[in-house]
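Visitor: Sharing a structure, written as structure tokens. Questions coming.
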Amino acid sequence: MKHSRAALIIGLIAAAALTRLVPHPPNFTPFAAVALFAGAYLGDRRLAFVVPLTALFLTDMLLGFHSTMPFVYAGMAITVCMGLWLARRRSMGRILAGALTSSVLFFLLTNFGTWLMQDLYPKDLAGLMACYAAGIPFFQNSLAGVLLYSGALFGLMSLLDRSSGIRFADHRNA
């Protein structure tokens, strides 16, 4: 039971990760939702970090690496931690709050990384603020992506839990 549940969750994460490889608007990706979902549903904490970060790395291998990757990966790891907190406290409101928080976190971290690692903006407060301002159009897509993918992943698990005799939502059984 434990292995089939974990396999189902990992399969959902892999399916979501693969959507990163199809054409999509900039920053409209599943990864914040995947990290939140992995933390909330994978009972093994190591897997909760390894599975989404590995999926991100594998898709990055195909799409290319960039100088702000440490900031992206840090944001995903922090989002897994938010999912771990959600694991025993799942509710629609908390999942929504986690999704919104992960989008803001991603925005703040990756734009800070862009400002710090690239020569696009002066290395002062005005340059940092200009970098954040330039990132606002991308934030909309990031927010939409995390909301859509969180709704799909968490919603599907909820439906599976309700429609089957298997307790998919029970974090302790992972």
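Visitor: Figure the gain on full extension for Cys81 and Leu96 (residue separation times 0.36 nm, minus the Cα-Cα span) and round it to one decimal in nm. Don't skip to the answer; put the middle values down first.
Guide: On the way: separation 15, 0.36 × 15 = 5.40 nm, distance 1.53 nm.
Length gained between Cys81 and Leu96: 3.9 nm.
Visitor: If I stretch the segment between Ser67 and Ser158 completely, what's the gain in nm (0.36 nm per residue apart, minus their alpha carbon distance), one decimal?
Guide: Working: separation 91, 0.36 × 91 = 32.76 nm, distance 3.75 nm.
Here the segment from Ser67 to Ser158 would lengthen by 29.0 nm.
Visitor: If I model a spin label at Asp44 and Ala133 as a point 7 Å from the Cα along the Cα→Cβ vector, what separation in nanometres do I get?
Guide: Result for the modelled spin labels: 4.9 nm.
Visitor: In nm, give the distance between the simple-model label positions of Ala126 and Leu148, each being 7 Å from the Cα along the Cα-to-Cβ direction.
Guide: Label at Ala126, label at Leu148, 3.8 nm between them.
Visitor: What are the ³J(HN,Hα) couplings of the stretch 106-116, residue after residue, when phi is run through the Karplus curve with 6.51, -1.76, 1.60 and θ = phi - 60°? Round to Hz, x for glycine and proline.
Guide: Residue by residue, the stretch 106-116 yields 4, 4, 5, 5, 6, 6, 4, x, 4, 4, 6 Hz.
Visitor: For q values of 0.11 Å⁻¹, compute log₁₀ I(q)/I(0) with the Debye formula on a Cα-only model of the stretch 2-173, without solvent.
Guide: Calculated log10 I(q)/I(0) at the listed q: -0.45.
Visitor: Going by C-beta contacts inside 10 Å, put His3, His66 in order with the fewest on the left.
Guide: Values: His3 8, His66 13.
Arranged by neighbour count, lowest to highest, His3, His66 become His3, His66.
Visitor: In addition: Using Cα centres only, tell me the gap between the stretch 117-166 and the stretch 36-92 in whole Å.
Guide: 13 Å
Visitor: In the stretch 25-71, which chymotrypsin sites (Phe, Trp or Tyr not before Pro) are in a loop and have at most 11 other Cβ atoms within 10 Å, using DSSP for the loop call? If you can, show how the numbers build up before the last one.
Guide: Working: sites: Phe28, Phe31, Phe37, Tyr41, Phe49, Phe57, Phe65, Phe71; in loops: Phe28, Phe65.
The qualifying sites are Phe65.
Visitor: Let me ask something else about it. Under unit Cβ charges (Lys, Arg +1; Asp, Glu -1), what dipole magnitude, rounded to 20 debye, does the stretch 2-173 have relative to its Cα centre?
Guide: On the way: 13 positive and 6 negative charges, 162 e Å.
Value, rounded to 20: 780 debye.
Visitor: Shifting gears a bit: Given the options Ser103, Pro122, Ile136, identify the residue whose Cα lies farthest towards the positive end of the charge dipole of the chain (+1 on Cβ of Lys, Arg; -1 on Cβ of Asp, Glu).
Guide: Positive-end residue among those listed: Ser103.
Visitor: Give the longest segment of the chain that steers clear of trypsin sites (Lys or Arg not before Pro) in DSSP loops with at most 13 neighbouring Cβ atoms within 10 Å, not counting the sites themselves.
Guide: Values: sites that count: Arg88, Arg89, Lys123, Arg167.
The longest uninterrupted stretch comes out as 1-87.
Visitor: For a footprinting-style exposure proxy, rank Thr114, Thr29, Thr54 by other Cβ within 10 Å, fewest first. Write out the running numbers ahead of the final one.
Guide: Working: Thr114 20, Thr29 23, Thr54 15.
Arranged by neighbour count, lowest to highest, Thr114, Thr29, Thr54 become Thr54, Thr114, Thr29.
Read-outs: derived from the displayed coordinates by stated rules, not from any lab. Note that the structure is predicted; figures quoted are calculated from it, not measured. Positions of Cβ are generated from backbone atoms using ideal geometry, with glycine treated the same way; all protein chains shown enter the neighbour counts.
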